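Following: one structure in structure tokens, then a few remarks.
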Amino acid sequence: METSSKLCMGCMNELDENGVCHYCSYTDDIPHLQSYLAPRTVLDDRYIVGKMLSYNGEGASYICYDMINKSKAVIREYMPDTLCDRDRQNQNLIPNPECLAKYKTYMSEFTDMNRVLSRMRNLSHISTPLDIFVENNTTYVILEYVEGVSLKKFLQTNTGYLTWNRVKKLFMPLFTTLSIIHNSGIIHRGISPENIIVTTDGELKLTGFSISSIRTSNTGLSPEFYSGYTAPEQYTSLAYQGTWTDVYAVAAVLYRILTGCMPLDANTRLTNDTLVPASRINPGIPNYVSNVLSHAMAVKGEDRIQTINDFVTQLFDRHYQLEHQKGATQTIPIQRITDASEHRPNTNKKKAAPAKAKTSSAAVAVAVIVIFAFLALGAFMLYQLLLPPDRSNDSNTTTDKVSSVYLNESTVDVISSEPIITVSSVTDPEDEYPYGTGAIMPNVVGVRYETVVSQLGKSFNIRPDYFYSDAEEKGIITEQSIPPDTDYDPDRKNELVLKVCKGTENVAVPDYSGKLYKDYSAILDSYDIKYKKVEVYSDTVGIGYVVSTDIAVGYNVNVKNGEVLTVKVSKGKTVKTTAATKETAEVTKAQ
């Protein structure tokens, strides 16, 4: 408990000598939910529980401190609030008598899932379980603490969307990890920007694994759905779920990242499917990527891309050629450099018995012919590699693994074995010219003005219409002159008027104590407060620091009417003129 007293329960960093945390704003007087663990609770004689980070119908996650490894961690408690209650005296969970079987079944599923995940500690793109133990009539899982921010917050600080080139580099390792998890029999069912962490190293980590029942309707638990990312089959307990469920969620995440707009909620799409293709919202998205996302987000599971491997194949290995069945033979015409018959001996002609010299010459000639034939074949293959890919049949073909090649005059017979997929090294024209044939106006209401300018500034002449309000957040758009879902020409500059909140009309004068004028003026600028600087002498305030303001700190300035705040700034101590210095000054002046 001595260790506990030295730690901040909000971030598990050390407190200073006065018991103050300099890393977060947590204080011990912040109340906690009584049904959950109280801060400073010690579990397994090893883990100090801190503040609760999140909770859902399956349980709660808390920040914690491992006293043996002396490190931060996250502790996950199985605590289905609809099936049990907590004994306030000893922290034990008491299942409701009529729900006992369900409580034990779900706890067994919770334990088994985390045991499987704990065997995947070599995967660096998920938050893996480090320890599992039973206490308080429930199961606890210790997870590694991931330094970073959620993808949701990351997007908010990075103009709201990312380019396709950046997305495919960022997500490829996560796709590989998810494929391995699926092969082990685990389906996440909750993939969303909230459960993907962008680490301080700029990589992605998948978190938020939960049992299937928490992300399915009508299971006795409070369901946890992520609007726009939860697949349609999760809104009913009668539909089949599988790898295609996570495919939907991953595609929805990519849709959000590439367009800057959250996808239409799947429950709504069941009755009114008006999902707009990604390339119509953002013409910079390659058309084939937009088509793959639409296919992966099909409402019916059977119409959807079924596995992450197939999803990745269609996103990245999109140049498909030589499609034919296993074991089939395909003849590929090649460009003839010379007639092959000129370089092959005619076996139908009867040969005379050659002399010794002629035999030697013939052997040399045959060797030259063979070498030339291989050089010609090599030149042809190099030529084929340098040609751009044939895009006449680019949709549903696949490249096959070549097992044998036979030179047969003007053709090459390819005997294929099991089909594989290869990535073309030739640049796709869509990468160079990614713009679609048209675009549709996105809904920007509720988005920050700076974000919209950065996204749509190339297609629109954007003009803000500012207003003041105590009810709206500063910098947020409340109206747009072009309605959402309206078609527009991306090649022509369109005028877009956005109604933007400037904040509250009356702003309290911020505190100036101990602040330099340049720092204080920056604060005033952030509040849109107009001000003027007046320099004064001060015996108590250093040069350049703010002495006072004509409106007292905490009182309001009307920024809408342009009320000006006078800021008095110290220019040093008062100059005291004595009789001797005055006389010296007069003599100096006379000279």
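The values are calculated or read from the model by the stated rules, or taken from the named source; none is laboratory data. Bear in mind the structure is a predicted one, so any value in this text is a computation, not a measurement. For neighbour counting, all protein chains shown are included, and Cβ atoms are generated from backbone atoms with ideal geometry for every residue, glycine included.
A few notes on this one:
- The set of residues in region 19-40 that are within 30 Å of CYS84 (Cβ to Cβ) and exposed (fewer than 10 other Cβ atoms within 10 Å of the Cβ) comprises ASP29, PRO31, GLN34.
- In the set (1) farther than 22 Å from SER127 by Cβ; (2) in contact (Cβ under 8 Å) with a residue 60 or more places away in the chain, ASP44 fails one condition alone, (1).
- Residue list for region 507-540, restricted to those being among the β-branched types (Val, Ile, Thr) and touching a residue at least 24 places away in the same chain (Cβ under 8 Å): VAL507, VAL509, ILE529, VAL534, VAL536
- Pair list, Cβ under 7 Å, 6 or more apart: region 9-38 residue without any contact (Cβ under 8 Å) to a residue 24 or more places away in the chain, other residue in a loop (DSSP other than H, G, I, E, B) and aliphatic (A, V, I, L, M): CYS21/LEU15; ASP28/MET9; HIS32/ALA38
- Any chance ILE132 is among the aliphatic types (A, V, I, L, M), out of contact with any Gly (no Cβ under 6 Å at 6 or more places or on another chain), farther than 30 Å from LEU170 by Cα and surrounded by fewer than 13 Cβ atoms within 10 Å (Cβ to Cβ): no
- For region 218-232, the count of residues that are among the charged types (D, E, K, R) and either modelled with pLDDT of 95 or more or part of a helix (DSSP H, G or I) (or both) is zero.
- Hey, VAL149 assigned to a strand (DSSP E or B) and either farther than 24 Å from ARG215 by Cα or at pLDDT 95 or above (or both) or not: no
- Candidates are the residues of region 124-138 that are in contact with an Asp or Glu (Cβ under 8 Å, 6 or more places away or on another chain) and of a type in the set (Val, Ile, Thr); the one that is farthest from GLY202 (Cα to Cα) is THR138.
- Any hit, region 113-121, residues being of a type in the set (Ser, Thr, Tyr), part of a helix (DSSP H, G or I), surrounded by 15 or more Cβ atoms within 10 Å (Cβ to Cβ) and in contact with a Ser or Thr (Cβ under 6 Å, 6 or more places away or on another chain): no
- Residue, modelled with the highest pLDDT, within region 475-521, restricted to residues that are part of a loop (DSSP other than H, G, I, E, B) and β-branched (Val, Ile, Thr): VAL509
- Subset of region 529-547 (residues that are under 28 Å from ASP470 (Cα atoms) and either surrounded by 17 or more Cβ atoms within 10 Å (Cβ to Cβ) or among the aromatic types (Phe, Trp, Tyr) (or both)): ILE529, TYR531
- Among the conditions (1) at pLDDT 95 or above; (2) within 26 Å of GLU194 (Cα to Cα), the only one that ASP44 does not satisfy is (2).
- The listed residue being among the polar types (S, T, N, Q) and modelled with pLDDT of 95 or more, out of ASN69, ASN122, ASN136: ASN136
- Only one of the listed residues (LEU155, LEU123, LEU162) is out of contact with any His (no Cβ under 8 Å at 6 or more places or on another chain), closer than 28 Å to SER71 by Cα and aliphatic (A, V, I, L, M). That residue is LEU123.
- On the stretch given as region 203-224, residues that are closer than 24 Å to ASN96 by Cβ and in contact (Cβ under 8 Å) with a residue 24 or more places away in the chain total 12.
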